Amino acid sequence: MIRTLLHTAAFLFALGSAAFSNAAANAQTLVLQGGKVYPSPDAAPLSDAVVVTSGGVITAIGRRGDVQIPGDAQVIDCTGKTVVAGFWNSHVHFTEAAWTNAANATAASLEAHMQAMLTRWGFSTVWDLGSDPTNSLPLRRRVNAGEVRGPSILFAGNMFPVGGHPVYVPRDVPLPEVATSDEAAKLSRDYLGMGLDGIKLFTGSFMGDKPVVNMDPAIAKAAVDVAHARGRPVFAHPQNQTGVETVIAAGVDVLAHTTSSGGQNYTPEQLARFKSQGTALIPTLSLFTTVVFDPATTARLVDSTVNQLKTFSENGGVVLFGTDVGFTKLYDTSLEFELMHRSLSPSQVLASLTTNPAQYFKAAKKGKVEQGFDADLVVLDDDPMADVRNLAKVAYTIRAGQIIYQK
């Protein structure tokens, strides 16, 4: 079954890999006029600014009166609004029923759900950390072809330890379990060979009232070594402290969650290894408000994961924004911003959405509002530096100079 999915997905990837670059090259000239622009999270804002985009690229930025506006441009009045770089969500899943048969579903239905889940919240780039490629790759092809307005989508292929089928995944859903280093290396090669962009390892699988099943570090490292040889990142779902130790031993790049099991913070030894190895963290704090029904337990979970984020960030670790949306139904990003703000400043939260992922995933022309950068932009109703929750008040989402969401 898994081998069939891989062959099908490889064909679909080949069909759609270059389509959006052609669409972006033909994009209309778009101008954002009169807003406050933050070129990057740490830069001073530019007031009453003009941003000009053409061919999917920012071609000019400056104060009104200093920038010539092309006569054929579509002009958006951003007076009273704030412009920032397009957002990344580095942990999503295209697994909901709305994505079933994405190759043949109506564009309108796909776009409506894309808006509710992602573009409404400013996302111009996302990492899908686990979905059925026979649905998700046709979806990416249609997005890149301009049939469905949506973000740039990157995919990671999943691997699970033997006997580690998580309790929250239906038993009839086939999951690729790897029993040996050779199997892990081969599956990693297969995923990357078919056009996926990274790997996700379940170094710890949640089994309900049974013990967590952890992946052997040597097996994890075999998958990591293949991905790194091809310049691709590896994510991990750690689940517990043993899973975190496997992340470190195997050289995994990104912790896809803070750790809910045990309520422990990272140890000084773990923090030192994270820093030396350049490990990044996706906190997914709001996820932990959805996993149990007891308010007191939820509060303890949230406090524990917020403290992990604080410790990790103060240690100099790279923080990447992600919500696990698709697995959760919590589309609204407001709560995630509020919880992150318990540990991070507004500019640090904005960096987790923009400059941090762009730099970490080596997207050299994303993450900033500067001339020559990709025209991935978000227009906000209010200034996020005044209130971090304003990051959820999106008026426009723009990808490669094309409007993919308008309030």
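The values are calculated or read from the model by the stated rules, or taken from the named source; none is laboratory data. Treat the numbers as computed from the prediction; the structure is a model and nothing was measured. Every residue, glycine among them, receives a Cβ derived from its backbone with ideal geometry; neighbour counts consider all protein chains shown. Heavy atoms of the whole protein, side chains included, go into the accessibility calculation; ligands, DNA and RNA do not. Shrake-Rupley method; radii C 1.70, N 1.55, O 1.52, S 1.80 Å.
Name the lysines eligible as straight-distance cross-link partners of LYS81: C-alpha to C-alpha under 19 Å, and not fewer than 8 places from it in the same chain.
Filter leaves LYS36, LYS368, LYS393, LYS407.
Take SER109, SER347 and sort them by solvent-accessible surface of the protein heavy atoms, 1.4 Å probe, largest at the top.
SER109, SER347
Could you give the angle, 0 to 90 degrees to the nearest 10, between helix 295-314's Cα long axis and the longest principal axis of the Cα atoms of the chain?
So the helix axis and the longest Cα principal axis differ by about 70 degrees.
Where the only charges are on Cβ atoms (+1 Lys, Arg; -1 Asp, Glu), what is the dipole of region 257-407 about its Cα centre, to the nearest 20 debye?
Dipole about the Cα centre, nearest 20: 380 debye.
Setting aside same-chain residues fewer than 8 positions from LYS186, which lysines have a Cα under 28 Å from its Cα?
LYS200, LYS221, LYS362
Along the charge dipole of region 314-407, Cβ charges K/R +1 and D/E -1, which of VAL325, SER343, ALA386 sits furthest on the positive end?
Comparing the listed Cα positions along the dipole, VAL325 ranks first.
Which chymotrypsin sites (Phe, Trp or Tyr not before Pro) does region 95-182 hold that lie in a coil by DSSP with at most 11 other beta carbons within 10 Å? Please list the in-between numbers first.
On the way: sites: TRP99, TRP121, PHE123, TRP127, PHE155, TYR168; in loops: TYR168.
Within region 95-182, the qualifying chymotrypsin sites (Phe, Trp or Tyr not before Pro) (loop, at most 11 other Cβ atoms within 10 Å) are TYR168.
Largest first, how would GLU96, GLU338 line up by accessible area (1.4 Å probe)?
GLU338, GLU96
Could you tell me which label, among (1) 57; (2) 42; (3) 33, carries the value of percent of Cα pairs over 32 Å apart calculated for this structure?
Recomputing percent of Cα pairs over 32 Å apart here picks out (3).
Quick check on the chain: helices-only [θ] at 222 nm, where DSSP H runs of length 4 and up contribute -39,500 (n - 2.57) each and the sum goes over total residues. Nearest 500, please.
-10000 deg cm²/dmol
Would you mind getting the accessible area per residue of the chain, heavy atoms of the protein chains only, 1.4 Å probe, in Å²?
Result: 39 Å² of accessible area for each residue.
Write down Rg/Rh for region 122-260, rounded to two decimals, with Rg from the C-alpha atoms and Rh from the Kirkwood relation over Cα pairs.
My calculation puts Rg/Rh at 0.98.
Please report the relative contact order for region 262-403, taking Cα pairs under 8 Å with a sequence separation of at least 6, and give it as a percent rounded to a whole number.
Relative contact order for region 262-403 comes out at 20 percent.
How far is helix 107-117 tilted off the main Cα axis of the chain, in degrees rounded to 10, range 0 to 90?
Relative to the chain, helix 107-117 is tipped by roughly 80 degrees.
Counting only protein heavy atoms and using a 1.4 Å probe, what share of the accessible area of the chain belongs to carbon plus sulfur, as a whole percent?
The C+S portion of the solvent-accessible surface of the chain is 52 percent.
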